[in-house]
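To keep things clear, I will list the structure first and then write my remarks on it.
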Amino acid sequence: MNNRLSGETIDMRFTPTELSKQELELQREVRGFLLEELPPGSHEPCLGMAARKNKEFSLKMADRGWVGMALPTEWGGSDRTAVDRFIVVEEMLRWGAPVGHHWVADRQTGNVILKFGTEEQRERFLPAICRGELGFSIGMSEPDSGSDLASVSTKAEATTGGWIINGTKIWTSGAHENDWFVCLLRTSPLEDGNKHAGLSQFLIDLKSPGLEISPIPFLDGSHHFNEVTFNEVFVPETNVVGDLGMGWHQNTTEMAYERGGPDRWLSPFSTVEQLLREARGTDLEPVVSDLFGELIARWWGIRNLSLSVARLIDTGEAPSVESSLVKEMGTRFEQEVIEKLVHLIDLEYSPDSDSLFERLLAQCVVTFPGNTIRGGTIEILRSVASKGLKGLPA
Amino acid sequence: MSDASEVDTLITDTADRLFSQLCDHESIQKAEADGQASDIWSAFADTGFPWISISEESGGSGGTLLDALEVLRLVGYHAAPIPAAETGILGGWLMSSAGLELPSGIVTVLPNGSQGLAVERTGDRLTISGRGLRVPWARVAETIVVPLEIDGQTFAAAIDSSECQISRMTNMAGEPRDTVDFENVDVFAAVLPSEINLETFRFRGALSRTALMAGAIEKMSQLTVSYTNDRVQFGRPVAKFQAVQQHLVWGAQDAALARMAAESAGREANRGPALFEIAAAKLIANQASARATKACHQAHGAMGMTQEYPLHHLSRRLWSWRKEYGGDAEWSSWLGRVAVAQDADGLYPLITGGSAVLS
Ligand SMILES: Cc1cc2nc3c(=O)[nH]c(=O)nc-3n(C[C@H](O)[C@H](O)[C@H](O)COP(=O)(O)OP(=O)(O)OC[C@H]3O[C@@H](n4cnc5c(N)ncnc54)[C@H](O)[C@@H]3O)c2cc1C
């Protein structure tokens, strides 16, 4: 594999691609499934990946082979491509489907376990992930370590048969509802000048004794964030993922799976669609109609870029610069969409308006500032991406 | 022969090499001062590139529309001061589609067709009077093509440029955009096939500009990455400053977005009407060029504001091309009408399926 994570050997290029016959067939199948399970108008759409958890829905998707679908069949997956996964995710998100329960496991944890985990870990976790049973959280951020993630200080110290963990993780989405989380921990003390060394990844049962989960109410009062504190939490040796001390590298690889997918540009789609649904039969003002024109053009363009990243992943590449560019652009676009709606549509919308469009818009206004922060801020993404940009040919 | 859905890499390499040799800063500057670049044009014409995608029977060079658009992308990338689009996929296309024989010289086309002209018809003969505006390179053209509609039928009229009065005008990049006056000019008009009309011609013009713009934005982005890595302030290259990195990243994104849009639209147009894709691609190119010129100029400081440094060859072309064959308002309104005409459930399928769901 061409190691492009380092951002060194770059020949950045987004190659246009399109869906094959079989891929279009999958798209039709997913649309049919959604039409049956969640007929338009019958459900309150979720706003992208910050979707409600609905285990029953996740199990149904898993029945179709759509959870962990890119994992090998031997571990319960469907051995499908990144593009196939793109198609399923794209349709789910634009429909506002409640994919929250399996979201993290499907997008990243499954890959991490497959790539770095032991045979035993694969056997234990992957089939359950693919059945849609297990919900995972992400244990990266800490009170004093946000963008500067390598400075994490939650410690794992060796003991007989395993490790003892002390410290605090923060902003942990969904820890109160999930089963497991993958944590980046310090396994040897911080060395001067080499903060990337001495970090390791662990699989941790969220029900472990000594582990405490406390809510940090989200700005709208909802329960999304948590603080997770470790007080002498014992984790067995068998839960270390990959090699000791390789946590930083593994974590960087994991982040590459997080970026550039439809979850970074589709969050406002249901809201825009709902505007059109509610406007049916009334004449939209030309400025609003023009806005639809602009938005579908941008969505079409960004989707093509994002799809080409998935295609590149299927050739065995880790296109980290390309996916950072798409994520940075996509999340800013999400905010721009909402700003444009707010600018043009003079309503005093609120979270309990009668109109679904107004409720969704209110929710977007309040929660979308987080879109350019979660999973690495756009400022950090720009630093990463700018190092891989191409100048004039020599 | 290469797969018809892909560009022959030989075309890319040859055109890129040719323009790298011909279109250095001084040559482009000189073309602007002279109002033409006959040496660049003849070297380009010698390769047969202007007539790619026009069949050999009609006097063209063969090849696909994709190949022709790739050449246009490189024309844009190198800011080559030549009427490549007009001679090839616009004027040449209209002539060959109407069964007219192509001249050996430059062809141009009235961007707005017969709009504003008085056309009188007697059998197959037409008499044209009036004024055509912003006609690219009319001053050096051998033939001026006017697409026109009479009684619901579309025709291509090919006019010898010596029969017109041409006044020199330019666009913001100093490219010729002349005023052409016709005074009772007798012309022969050939009927175009039914799929070509003034609307499809406008889309074709927009497609040509998206290819040019995609090339120019990409070069501008690369130029800016290189410049900011060389320019040292406060003891380090300015590209090390995060505020500058933001300009670089935004420029590169718009280059990628515009190229993706242009190439996706080209692929679709190579197969059929592609109205949705072309409209979306032109709007994207327009907006991307606005954002990218701003970011790239800012990252260059005063140097970018000089004639001696080549950024303006690209930025001034982009500001001009943004307004040619449809500005932001025209395309967002066209796309908006199409989007709103879908019901809500059809909105996403339009994004994934494009023109295919419109037919
Ligand atoms: C909705 C949401 C869900 C989240 N879920 C999870 C989760 O499940 N698990 C988890 O581990 N984390 C989660 N996070 C946390 C997220 O990863 C962090 O918020 C993010 O990495 C930024 O860290 P910070 O919030 O501490 O900001 P800080 O790092 O304190 O940054 C503050 C500001 O300074 C800027 N800044 C910092 N350093 C630099 C620099 N070097 N150059 C330029 N600018 C800089 C930042 O861009 C930002 O604008 C979530 C965040 C959100 C908003």
At a Förster distance of 35 Å, what's the computed FRET efficiency of residue A:44 paired with residue B:241, Cβ-Cβ distance as r, to 0.05? 0.20
Compute the distance in nm between two label points, each set 7 Å from the Cα along the Cα-to-Cβ direction, one at residue B:120 and one at residue B:47. 4.6
Looking at the P(r) of chain A, how many percent of alpha-carbon pairs lie beyond 42 Å? 11
Average beta-carbon neighbours from other chains, 10 Å sphere, peptide B:253-259: 6
Proxy reagent accessibility, fewest Cβ within 10 Å first, across B:355, A:323: B:355, A:323
Out of B:301, A:217, B:7, whose Cα points farthest toward the positive end of the dipole of the protein assembly as shown (charges: +1 Lys, Arg; -1 Asp, Glu; placed on Cβ)? B:301
Long-range amide H partners of residue B:154, meaning residues 5 or more apart or on another chain whose placed amide H is closer than 5 Å, are B:192
The local net charge around residue A:271, scoring Lys/Arg +1 and Asp/Glu -1 for residues other than residue A:271 whose Cβ lies under 14 Å from its Cβ, equals -3
Pairwise label distance in nanometres, residue B:337 with residue A:177, each label 7 Å out on the Cα-Cβ vector: 4.5
Going down the list B:219/B:282; A:340/A:390; A:387/B:30, which pairs span over 26 Å between their C-alpha atoms? A:340/A:390; A:387/B:30
Compute the separation of the alpha-carbon centres of the stretch B:215-249 and the stretch A:114-190 and state it in Å as a whole number. 38
Compactness of the stretch A:21-134 - radius of gyration and Dmax, Cα, Å: 13.7, 45
Residue A:162 long-range amide H proximity, modeled H, under 5 Å: A:237
Whichever lysines have a C-alpha closer than 28 Å to that of residue A:60, once near sequence neighbours (fewer than 8 apart) are set aside: A:21, A:115, A:207
Can you list residues whose amide H is under 5 Å from residue B:62's amide H, if they're 5+ apart or on another chain and H is modeled 1.01 Å from N? B:53, B:54, B:55, B:56
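What does the structure give for A:22-32 when I average, per residue, the other chain Cβ atoms found within 10 Å of the residue Cβ?
1
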Set of lysines with alpha-carbon distance to residue A:155 below 17 Å, sequence-local pairs under 8 removed: A:169, A:195
To the nearest 10 degrees, how steep is helix A:82-95 against the longest Cα principal axis of chain A, on a 0 to 90 scale? 50
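Note down, for the protein assembly as shown, the three equivalent ellipsoid semi-axes (square root of 5 times each alpha carbon gyration tensor eigenvalue), biggest first, whole angstrom.
53, 29, 22
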If packing is taken as the mean number of other Cβ atoms within 10 Å per residue, what is the order of B:327-334, A:96-103, highest first? A:96-103, B:327-334
Can you compute the label reach from residue A:22? Point 7 Å from Cα along the Cβ direction, backbone N cut-off under 13 Å, restricted to the stretch A:64-108. A:78-85
Net charge around residue A:163, counting only other residues with Cβ within less than 14 Å of its Cβ (Lys, Arg = +1; Asp, Glu = -1)? -2
Viscosity 1.306 mPa s, temperature 10 °C: give me the Stokes-Einstein translational D for the stretch A:134-290 in µm²/s, with Rh taken as the Kirkwood radius over C-alpha pairs. 89
Quarter of the Cα convex hull surface for the stretch A:216-361, i.e. its orientation-mean projected area (nm²): 13.0
Return the sequence-ordered ³J(HN,Hα) values of the stretch A:283-299 in whole Hz as given by the Karplus equation 6.51 cos²θ - 1.76 cosθ + 1.60 applied to θ = phi - 60°, using x for Gly and Pro. 7, 6, 4, x, 4, 6, 4, 4, 5, 4, x, 5, 5, 5, 4, 5, 5
Per the 1/(1 + (r/R0)^6) rule, R0 = 22 Å and r from the Cβ atoms of residue B:302 and residue B:24, FRET efficiency to 0.05 is 0.45
Would you please give the FRET efficiency between residue A:205 and residue A:59, computed as 1/(1 + (r/R0)^6) with r the Cβ-Cβ distance and R0 = 22 Å, to the nearest 0.05? 0.60
Rounding to the nearest 10 and keeping the result within 0 to 90°, find how far the Cα-based axis of helix A:320-344 lies from the longest principal axis of chain A. 40
Kirkwood hydrodynamic radius, the stretch B:105-194, all distinct C-alpha pairs: what's the number in Å? 13.0
Order by protection proxy (mean Cβ within 10 Å, highest first), peptides A:218-227, B:204-213, B:92-101: B:204-213, B:92-101, A:218-227
Quantify how strongly other chains surround peptide A:321-328 by giving the mean number of their Cβ atoms within 10 Å of each of its Cβ atoms. 2
Separation of the stretch B:271-295 and the stretch A:319-347 by C-alpha centroid, Å? 17
For a quick check: sort A:159, A:168 by the number of other beta carbons within 10 angstrom, fewest at the front. A:159, A:168
To the nearest 10 degrees, how steeply does helix A:247-258 sit against the main Cα axis of chain A, on a 0 to 90 scale? 10
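Values quoted throughout were computed directly from the atomic coordinates according to the rules given, and no laboratory measurement underlies them. Since the model is a prediction, treat every value here as computed from it, not as a measurement. Positions of Cβ are backbone-derived with ideal geometry, glycine not excepted, and every protein chain shown enters the neighbour counts.
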